[in-house]
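Below is one structure, written out as structure tokens; the observations come after it.
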Amino acid sequence: MVKGCEEKYTQAKKLLEQTQKSYEKYTNKTQRHVEFEVGQHVWLNVQDFKMFNGLAPSFIVKHIRFYDILNKLHLDVCTLKLPSNFVAHPTFHVLKLKLFLCDEQRPNQKQRV
């Protein structure tokens, strides 16, 4: 009887490990790994900000102008150099940032976000 319980336990443990690996595989497919360096220019995602009251979602911009990274607190948290009239805290998660790519051939052309 004890031997049967041990077999069921090991079988259940093995199935749980397989399921965990399967979930991890599918979760990692949708995650994006992003790292920024101090001094890089990034776009700021303001879609979740509450400063666009009364506007339809189709009129709200997703990213606003680029800002410089002042400091990296962790691998996934950066502090930005924001203007003084900006009311948000200057620390953001990297998923709220997008790298600004500058074309040296055409510096006057604006980047599409």
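Panel order for TYR9, TYR67, by other beta carbons found within 10 Å of each beta carbon, from fewest to most: TYR9, TYR67. Ranked by how many other Cβ atoms sit within 10 Å of their own Cβ, fewest first, the residues HIS33, HIS93 fall in the order HIS33, HIS93.
A short reminder: the numbers here are calculations on the coordinates, not readings from a lab. Remember, predicted model here, so these are calculated numbers, not experimental data. Ideal geometry is used to build each Cβ from the backbone, glycine not excepted, and the neighbour counts take in all protein chains shown.
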